[in-house]
Amino acid sequence: MNLALLFEEDFTDVDRVRLTGRRLAHLHSVMRVNAGDSIPVGRVDGDMGTGEVLRLTDTEAELRVSFDQPPPAALPLTLILAMPRPKMFRRVLQTCAALGVKDIWLINSYKVEKSFWQTPWLSDDNLRENLTLGLEQARDTAMPRVHIRKLFKPFVEDELPGLLAGKRALVAHPGTDTPCPTHLNQPTALCIGPEGGFTPYEVGKLEEAGCDAVHLGARILRVETAVPVLVSRLFDACL
């Protein structure tokens, strides 16, 4: 926790917050703070600053907070991601948040198992928890937005063209002839398939919507590896 991300329910006054649970345990066991110490804090979707520890017990911490610094710039990226396996989904969410991705679309694909959509990690509370962990790691406060679309064809035909408007649109697809571009630093939409990749039909539909198919080389990467590698190639901010 390189920054304690604060939500409205944490505030007891305009400049006072109370921390419990995971964040309190982190103050005790990892940061080993004492009353009078200061820690980095940030208000969700707001500015960052410092929190002075006024009181610290086994059940809660009371901080006096002030905010004077904006969060780092968000990446100009719309990430369209076939629903990953639940066992890696949490890590992918945290990585996206840490990298500065703010617009995440989870979509279906032929090789996405139906059971993936039943994972409890898709609940609002679990989405918030894992995105928060990524933001705290990177010292950011702007909460990413996650959109869920369980039907591939209606999404690609009815919504995707509008999402791609004004953006460089790419779909990661091993075997294509075009290497992934680098240092775009412009509004971009990036589609990443499931572990087995998009089917040829799905790639064709994505291309019809306006995406260019690109590759990362001969190696086939797991989704949790492909996401940071692709994002770091596209944007200088991650290098």
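The values are calculated or read from the model by the stated rules, or taken from the named source; none is laboratory data. None of the values given here were measured: they were computed from a predicted structure. Because the Cβ atoms are built from the backbone with ideal geometry, glycine has one as well, and the counts that use them run over all protein chains shown. Only protein heavy atoms, including side chains, enter the accessible area calculation; ligands, DNA and RNA are left aside. Shrake-Rupley method; radii C 1.70, N 1.55, O 1.52, S 1.80 Å.
Just name the residue that is nearest to G134 (Cα to Cα) out of those in the range 1-56 that are polar (S, T, N, Q) and outside any strand (DSSP E or B).
Result: N2.
Those residues that are in contact with a Cys (Cβ under 6 Å, 6 or more places away or on another chain) and either of a type in the set (F, W, Y) or assigned to a helix (DSSP H, G or I) (or both), I need them from the range 78-123; list them, please.
Within the range 78-123, L99 is the sole residue that qualifies.
Tell me whether the range 167-182 contains one or more residues that are without any contact (Cβ under 8 Å) to a residue 24 or more places away in the chain, more than 20 Å from M88 (Cα to Cα) and hydrophobic (A, V, I, L, M, F, W, C).
Taking every residue of the range 167-182 in turn, none turns out to be without any contact (Cβ under 8 Å) to a residue 24 or more places away in the chain, more than 20 Å from M88 (Cα to Cα) and hydrophobic (A, V, I, L, M, F, W, C).
Name the single residue that is least open to solvent (accessible area, probe 1.4 Å) among those in the range 202-239 being assigned to a loop (DSSP other than H, G, I, E, B) and under 13 Å from A169 (Cα atoms).
C211
Can you work out which of the residues in the range 13-49 that are without any contact (Cβ under 8 Å) to a residue 40 or more places away in the chain and among the β-branched types (V, I, T) is surrounded by the most Cβ atoms within 10 Å (Cβ to Cβ)?
Of everything passing the filter in the range 13-49, V41 is surrounded by the most Cβ atoms within 10 Å (Cβ to Cβ).
Here are the criteria: (1) at pLDDT below 95; (2) within 22 Å of P120 (Cβ to Cβ); (3) β-branched (V, I, T). Tell me which single one V30 does not satisfy.
(2)
For every residue, the table says whether it meets (1) surrounded by 13 or more Cβ atoms within 10 Å (Cβ to Cβ); (2) part of a helix (DSSP H, G or I); (3) of a type in the set (D, E); (4) out of contact with any Ser or Thr (no Cβ under 8 Å at 6 or more places or on another chain).
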{"residue": "E136", "(1), (2), (3), (4)": "yes, yes, yes, yes"}
{"residue": "D140", "(1), (2), (3), (4)": "yes, no, yes, yes"}
{"residue": "V146", "(1), (2), (3), (4)": "yes, no, no, yes"}
{"residue": "P154", "(1), (2), (3), (4)": "no, yes, no, yes"}
{"residue": "L163", "(1), (2), (3), (4)": "yes, yes, no, no"}
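Six or more apart or on different chains, Cβ atoms under 9 Å: show the pairs whose first residue is in the range 50-76 and of a type in the set (S, T, Y) and whose second is part of a loop (DSSP other than H, G, I, E, B).
T59/T20; S66/D15
Every residue in the range 179-192 that is at pLDDT 95 or above and open to solvent by less than 50 Å² (accessible area, probe 1.4 Å), please.
T188, A189, L190, C191, I192
If you go through the range 119-133 one residue at a time, do you hit one that is closer than 23 Å to P200 by Cβ, over 17 Å from the mean Cα position of the chain (by Cα) and surrounded by fewer than 16 Cβ atoms within 10 Å (Cβ to Cβ)?
There is no residue in the range 119-133 that is closer than 23 Å to P200 by Cβ, over 17 Å from the mean Cα position of the chain (by Cα) and surrounded by fewer than 16 Cβ atoms within 10 Å (Cβ to Cβ).
Restricting to the range 77-118, name every residue that is more than 25 Å from L206 (Cβ to Cβ) and either of a type in the set (S, T, Y) or buried (at least 21 other Cβ atoms within 10 Å of the Cβ) (or both).
Once the filter is applied, which keeps residues that are more than 25 Å from L206 (Cβ to Cβ) and either of a type in the set (S, T, Y) or buried (at least 21 other Cβ atoms within 10 Å of the Cβ) (or both), the range 77-118 yields only Q94.
Inside the range 200-217, can you point out the residues that are of a type in the set (G, A, S) and either in contact (Cβ under 8 Å) with a residue 12 or more places away in the chain or in contact with a Ser or Thr (Cβ under 6 Å, 6 or more places away or on another chain) (or both)?
Matches in the range 200-217: A209, G210, A213, G217.
Quick one: is T57 within 13 Å of the chain's Cα centre (by Cα) and open to solvent by less than 60 Å² (accessible area, probe 1.4 Å)?
The answer is no for T57.
I'm trying to understand the selection: among the residues of the range 4-54, which are in contact with a Ser or Thr (Cβ under 8 Å, 6 or more places away or on another chain) and among the aliphatic types (A, V, I, L, M)?
Result: L5, L24, I39, V41, V44, M48, V53.
Working carefully through the options G193, G197, G162, find the one that is more than 18 Å from V231 (Cβ to Cβ) and touching a residue at least 12 places away in the same chain (Cβ under 8 Å).
Selected residue: G197, the only one of G193, G197, G162 that is more than 18 Å from V231 (Cβ to Cβ) and touching a residue at least 12 places away in the same chain (Cβ under 8 Å).
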